[in-house]
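K.L.:
First, the structure itself, so that you have it in front of you.
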Amino acid sequence: MAAPDRPGAAGAAPLLEVRGLEVAYGAGVLALQGASLEVRPGEIVALVGANGAGKTTLLKAIAGLVEPRAGEIRFDGRPLGSLDPPDRVKLGLALVPEGRRLFSRLTVAENLQLGTFTNTQVPHRRDMLERIYGLFPVLRERVKQRAGTLSGGEGQMLAIARALMSRPRFLMLDEPSLGIMPRLVDSVMESLGRLHAAEGLTMFLVEQNVPAALELATRGYVLQTGRVVLEGGSAELLASELVRKAYLGI
């Protein structure tokens, strides 16, 4: 899959800034140890690393689902520390969680409706549904179907679509290829590429499938045991000895 054309972001002020972030679980076990990174407007940035490296914890901290014990997160120049998750959604952040977390007994339409909980106005909902069905036509065909009966790929599309219903400025995706048949991974990634090409939506992609992530993104970071150990352009990371040995088996 060829990477989509992207708007230039070089020199722009970061939309997201993470500085010296520390998050601890249980008896002081650090999941993040001073992690720092940034994402500029219009970028697709990948965060790659092994299972247990702290990738999901970082996304949860940005979304307000876990509280850091040190460091700072800023969105569009504003510190997020005091904001609850719904208020972060209102600012324009949206998270597609690992494992999709759909309401399996609700229909596709009902899951999408829940994505507009911060803006329940009918014109907003109608406009977003048309955009969603244009991006994921299969969801229009499944609109009355229960989410729990969708295939893995269709379920992932619904999870992404539900997050898009809030009309985010910054979309975070946690392992979008997880649990999907290999032949459908390209379909999901291509949908993200089309979304970015059409709207220039800023995306932060957490993914264990390193080739798929870096093919979609222009830049990336490598996280190991809670620390950012490498950053650079996608081609640079794919060519690095660390990534080739640790994540590509070369």
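K.L.:
Determine ³J(HN,Hα), in whole Hz, for all residues of segment 217-224 in sequence, where each value follows from phi through the Karplus function 6.51 cos²θ - 1.76 cosθ + 1.60 and θ = phi - 60°; x replaces Gly and Pro.
P.N.:
The phi angles translate into 8, 9, 9, x, 10, 10, 10, 10 Hz.
K.L.:
Determine the shape class of segment 79-134: with a ≥ b ≥ c the square roots of the Cα gyration tensor eigenvalues, call it rounded for a/c under 1.5, and otherwise prolate if a/b is greater than b/c, oblate otherwise.
P.N.:
Oblate is the answer for segment 79-134, as a/c is 1.5 or above yet b/c matches or exceeds a/b.
K.L.:
Mind listing the phi-derived Karplus ³J(HN,Hα) values for segment 57-71, rounded to whole Hz, using 6.51, -1.76 and 1.60 with θ = phi - 60°, and x for any glycine or proline?
P.N.:
Working through the residues one at a time gives 4, 4, 5, 5, 5, 5, 6, x, 8, 9, 9, x, 9, 7, x Hz.
K.L.:
Over all distinct Cα pairs, what is the inverse of the mean 1/r for the chain, reported as the Kirkwood hydrodynamic radius in Å?
P.N.:
Every distinct Cα pair counted, the radius reaches 18.4 Å.
K.L.:
Also, I was wondering about something else. Counting only residues 5 or more places away or on other chains, whose amide H sits under 5 Å from the amide H of GLU98 once H atoms are built in the peptide plane?
P.N.:
Sorted by chain and number, the residues that satisfy this are ASP174.
K.L.:
Hey, another quick one. With everything on Cα atoms, drop me the angle between helix 122-135 and the longest principal axis of the chain, reported from 0 to 90° to the nearest 10.
P.N.:
70
K.L.:
Ordered by packing density, taken as the mean number of other Cβ atoms within 10 Å over each peptide's residues, highest first, how do 74-85, 59-70, 138-149, 212-223 rank?
P.N.:
In descending order of packing, they fall as 212-223, 59-70, 138-149, 74-85.
K.L.:
Could I ask something else about it? When a/c reaches 1.5 or more, the comparison of a/b and b/c decides; with that in mind, is segment 25-82 rounded, prolate or oblate per its Cα gyration tensor?
P.N.:
It is oblate, given that a/c is not under 1.5 and a/b is not larger than b/c.
K.L.:
Ok, one more. Using only the alpha carbons of segment 110-207, determine the length spanned along each of the three principal axes and report them from longest to shortest in whole angstroms.
P.N.:
38, 30, 20
K.L.:
Pull up the cross-link candidates among the lysines for LYS144, meaning alpha carbon to alpha carbon under 30 Å and not fewer than 8 places away within one chain.
P.N.:
LYS90
K.L.:
Near the amide H of ARG142, under 5 Å away, which other amide H atoms are found, from residues 5 or more places off or on another chain, if H is placed in the peptide plane?
P.N.:
none
K.L.:
Mind pulling the angle between the C-alpha long axis of helix 152-164 and the longest principal axis of the chain? Nearest 10 degrees, somewhere in 0 to 90.
P.N.:
In the chain, helix 152-164 runs at an angle near 90 degrees to the longest axis.
K.L.:
Go through segment 196-208 residue by residue and turn each phi into a ³J(HN,Hα) via Karplus (6.51, -1.76, 1.60, θ = phi - 60°); whole Hz please, and just put x for glycine and proline.
P.N.:
Those phi angles translate into 5, 5, 7, 10, x, 5, 6, 10, 10, 10, 9, 7, 7 Hz.
The numbers here are math on the coordinates, done by the rules we state, and not lab data. In this text, all values refer to a predicted model and were calculated from it rather than measured experimentally. No Cβ is skipped: glycine too gets one built from the backbone with ideal geometry, and neighbour counts run over all protein chains shown.
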